[in-house]
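The values are calculated or read from the model by the stated rules, or taken from the named source; none is laboratory data. Values in this document were obtained by computation on a predicted structure and should not be read as measured data. Please note: Cβ atoms are built from the backbone with ideal geometry, for glycine as well, and neighbour counts cover all protein chains shown. Note: accessible area is taken over every heavy atom of the protein model, side chains too, but ligands, DNA and RNA are not part of it. Shrake-Rupley method; radii C 1.70, N 1.55, O 1.52, S 1.80 Å.
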Amino acid sequence: EVPLSKIGNVGEDQAKMEHTRCALDFQIELQRELARAEVLVFVFQMVTLFQMWVVPLYFTVKLHWWRFLVIWILFSAVTAFVTFRATRKPLVQTTPRLVYKWFLLIYKISYATGIIGYMAVMFTLFGLNLLFKIKPEDAMDFGISLLFYGLYYGVLERDFAEMCADYMASTIG
C-alpha cells in the first residue's frame with residue numbers, strides 16, 4: 001500500500017521535472033542565440049573596420065592627398081604584417097611583444113598628433129598664430145589636419161589591436 005501523502009508528491013515531482021526541462025531548453029536556446037549574435041557582431045566589426053580602412057583610399061587618390069596616401073600606405077603595410085603575424089597558428093613566441101609594441105607606438109603617435117592638432121586649433125582661435133606671422137587659414141589647416149590624423153589612425157589602430165588581441169587569445173587558449 002502507498003500512503004496518500006506519497007501520491008500527492010508524484011505530481012509535484014513531475015511538475016518540477018517539467019519546469020527543470022523547460023529551463024534547460026531555454027538555456028540551450030539562449031546559448032545558440034548568443035553564439036549567432038557573437039558571429040554577427042564579429043562580422044559587423046570586420047566589415048566596418050575594412051570600410052574605415054579602405055574607403056579613405058578612394059578619396060585620397062581622387063582628391064590627390066598624397067601626404068595622407070603615403071602615411072596610409074606605410075601604416076597599412078606594417079599593420080598588415082603585424083596582423084598577419086598575430087593570426088598565424090601556432091603563434092610565434094615573439095609575436096605578442098611585436099603586436100604590443102607596434103600598437104603602443106601608434107597609440108602614442110596618434111595621441112600626440114591629436115593633442116598638437118588640438119593645441120594648434122586653440123592657439124589659432126586665440127590669435128597666437130599672429131605672433132609667428134602665420135596666416136589663420138594655414139594655422140587652422142595645420143591644426144585640423146593633425147587632429148584628423150590623430151583621430152583617424154587612433155581609432156583604426158584601436159580596432160586592429162582589438163582584432164589581433166582576440167586572435168592571439170583564441171590561439172593561446
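Details
- Selection status of residue 135, in contact with a Ser or Thr (Cβ under 6 Å, 6 or more places away or on another chain) and farther than 26 Å from residue 154 by Cβ: no
- Test for residue 114: is it part of a helix (DSSP H, G or I) and within 17 Å of the chain's Cα centre (by Cα): no
- Only one of the numbered conditions (1) over 30 Å from residue 77 (Cβ atoms); (2) surrounded by fewer than 14 Cβ atoms within 10 Å (Cβ to Cβ) is not met by residue 105, and that is (1).
- Residue satisfying condition, being modelled with pLDDT of 75 or more, more than 26 Å from residue 162 (Cα to Cα), open to solvent by 70 Å² or more (accessible area, probe 1.4 Å) and in a helix (DSSP H, G or I), within set 14, 51, 27: 27
- Selected residue [free of Cβ contacts under 8 Å to residues at least 40 places away in the same chain and assigned to a helix (DSSP H, G or I)] from 99, 61, 92: 61
- Residue 97 meets all of the listed conditions (1) surrounded by 13 or more Cβ atoms within 10 Å (Cβ to Cβ); (2) farther than 21 Å from residue 147 by Cβ; (3) not hydrophobic (A, V, I, L, M, F, W, C) but one, namely (1).
- When residue 120 is tested against (1) exposed (fewer than 15 other Cβ atoms within 10 Å of the Cβ); (2) within 21 Å of residue 145 (Cβ to Cβ), only condition (1) is not met.
- Boolean, residue 83 is part of a helix (DSSP H, G or I), surrounded by 14 or more Cβ atoms within 10 Å (Cβ to Cβ), polar (S, T, N, Q) and touching a residue at least 60 places away in the same chain (Cβ under 8 Å): yes
- Pair list, Cβ < 8 Å and 6+ apart or interchain, from segment 31-57 residues that are outside the structural domain of residue 162 (by the TED database) and without any contact (Cβ under 8 Å) to a residue 40 or more places away in the chain to residues that are among the aromatic types (Phe, Trp, Tyr) and open to solvent by less than 50 Å² (accessible area, probe 1.4 Å): 57/72
- Among (1) surrounded by fewer than 19 Cβ atoms within 10 Å (Cβ to Cβ); (2) touching a residue at least 40 places away in the same chain (Cβ under 8 Å); (3) under 21 Å from residue 68 (Cβ atoms), the one test that residue 113 misses: (1)
- Odd one out for residue 164 among (1) crowded, with 17+ Cβ neighbours inside 10 Å; (2) of a type in the set (A, V, I, L, M, F, W, C); (3) at pLDDT 95 or above: (3)
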